[in-house]
1. Kindly indicate whether Gly53 is under 26 Å from Ile155 (Cα atoms), in the same structural domain as Ile168 (by TED's automatic domain parsing) and at pLDDT below 95.
2. Can you tell me which residues in region 219-243 are surrounded by fewer than 24 Cβ atoms within 10 Å (Cβ to Cβ) and assigned to a helix (DSSP H, G or I)?
3. Can you find a residue that is touching a strand residue (DSSP E or B) at 6+ places or on another chain (Cβ under 7 Å), of a type outside the set (Phe, Trp, Tyr) and under 30 Å from Leu380 (Cα atoms) anywhere in region 216-227?
4. Would you mind finding the one in Ala464, Ala495 that is at pLDDT 90 or above and touching a Ser or Thr at 6+ places or on another chain (Cβ under 8 Å)?
5. Find the residue count for region 443-458, including only residues that are at pLDDT below 90 and either in contact with a Cys (Cβ under 9 Å, 6 or more places away or on another chain) or buried (at least 20 other Cβ atoms within 10 Å of the Cβ) (or both).
6. Take the conditions within 26 Å of Ile25 (Cβ to Cβ), basic (Lys, Arg), modelled with pLDDT of 95 or more and assigned by TED's automatic domain parsing to the domain that holds Asn263 and apply them to Arg75. Does it pass?
7. Going by what's in this entry, would Ala87 be described as touching a residue at least 40 places away in the same chain (Cβ under 8 Å), farther than 22 Å from Ala217 by Cα and in contact with a Pro (Cβ under 7 Å, 6 or more places away or on another chain)?
8. Answer yes or no as to whether Arg95 is in contact with a Cys (Cβ under 8 Å, 6 or more places away or on another chain), at pLDDT 95 or above, assigned by TED's automatic domain parsing to the domain that holds Cys227 and among the basic types (Lys, Arg).
Amino acid sequence: MLAKIFIFDTTLRDGEQSPGAALNIEEKVQIAHHLAKLNVDVIEAGFPISSPGDFEAVSRIAKEVEGPEICGLSRALEPDITRCWEAIKHSQKPRIHTFVGTSDIHIKGILRKNREEVLKMAVDAVSYARSLCKIVEFSPMDATRTDLAYLYDVIEATIAAGASIINIPDTVGYAIPEVFARLILHIKGNVPNSHKAVFSVHCHNDLGMAVANSLAALKNGARQVECAINGFGERAGNASLEEVVMAIQTRRGYFCNEYTDINVKEIYPISRLTSRLMGIAVPPNKAIVGANAFAHSSGIHQDGYIKNRQTFEIIKPEDIGVPADAEERLPLSSRSGRKGLNERLRELGYKLSPEELIKFYDLYFSPLADKKKEVHDADLEAIMQNEMRLVSDAYILEGVQTLSGSLTIPTATVRLKRNGEIFCEAASGDGPVDAAYKAIDRITGITAELTDYNIQAVTHGKDAIGEVTVKISSNGQVAVGHGASTDIIEASAKAYVNAINKLLVAQKFTEPA
């Protein structure tokens, strides 16, 4: 009998807790829409009580994203659960996920309570959540370090209180696959009402076994996996969604009864989108979605691949949405029209209104095509991510001019436009980029600390677009900005302005609701 494995995506909650990650509300909504295209079963959209911005993001996702269940996280506290419900209640399929630490380490070290008090907290939380929402999930946090008898009691009591999903978290990545699989088996065998709940697993990757532990649990009765795009998450991250899904699909002989409903062709596009928006690069050797995942450099490997792809390739790159020959089939240049451009954008997953297409073509594509012999997919994606999502009152870079060299003091003159008004300032600095950033600070009135700066070519050749990613912080707010241009200084200025605009948006949500 076939058994569906439910994919619970926590990219927007646990994934965003990756050190250095920063997403604004619009970016979270954008990722959520793409997760719906990926056809995940559940989107854990955030932790609504944690901040006004997170509440707004979860609420927007609940109202706008159709298909998956929209889940919010809450501690086992009534104000948390109330706030969570207020954020997700507009979803067609809402879910409350509540949790409390159950290991003695957490009970004594964090909660400063005893086991009986924590058990009551768990039951009361589930009961209250169930009074608001039909679907309630409960997690005994740090389950893999919890006393087994006590863990059985907590699970039995929370199922009785109304939890229909019980998640077993390996919160600190402590588990070993064989032991974790046995834990799932023992829970199902020792909790009398276990048949009334779906069992889920949420594995962290501290010892590099998050995916292995998740897959082992599936063979012993777990039916939901909590995972994240690119394995993003706290510390060493979560189980990687793409690895879990493709392991099940590729090893059908082993997972003969298990399947997912994931649209695997969206795996690569959403991996790139999430990486770009979070400002966290995917390691080249990352399984499934890394730049080297389908590269063959050894002579023996190349020879075998040319003769028969299956000699050294167990997954076809096109199956997970890696672009194949689109650029050869429809090359874009200065002679290309809007129809050809729109068709390519559609292939890349972007749907533009007629007005947006005109803006894209006239302001971004046409000037770039005049500079380059050919415009590549990566160029288009860089423009889409860096230029087309500005808020209405954003600063727009009108121009930047710099003077630098070993025999002069670097200076920059920057021209910005906001709400139709032009601003111009000049400044000097340690280099042309530093000078440009100081001029931007003078115009915007925001003095931000630059915590990360990265530049890379997104296409090949001397006329390649350079994409700059910056990370800035100001008054406790963190923002990631992107800028793309064939001119590195211009790309740097665009990235900084992009990050400043995100800080301005974030400031709207710094005051408590």
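The values are calculated or read from the model by the stated rules, or taken from the named source; none is laboratory data. This one's a predicted model, so the numbers in the text were calculated from it and none came from an experiment. Here the Cβ is made from the backbone with ideal geometry for all residues, glycine too, and neighbour counts use every protein chain on show.
1. no
2. Glu243 - this is the single residue of region 219-243 that is surrounded by fewer than 24 Cβ atoms within 10 Å (Cβ to Cβ) and assigned to a helix (DSSP H, G or I).
3. Looking for residues that are touching a strand residue (DSSP E or B) at 6+ places or on another chain (Cβ under 7 Å), of a type outside the set (Phe, Trp, Tyr) and under 30 Å from Leu380 (Cα atoms), one finds at least one in region 216-227, hence yes.
4. On the way: Ala464 fails: at pLDDT 90 or above.
Unique residue meeting the criteria: Ala495.
5. 1
6. It is true that Arg75 is within 26 Å of Ile25 (Cβ to Cβ), basic (Lys, Arg), modelled with pLDDT of 95 or more and assigned by TED's automatic domain parsing to the domain that holds Asn263.
7. Working: touching a residue at least 40 places away in the same chain (Cβ under 8 Å): yes; farther than 22 Å from Ala217 by Cα: yes; in contact with a Pro (Cβ under 7 Å, 6 or more places away or on another chain): yes.
Yes, satisfied.
8. yes
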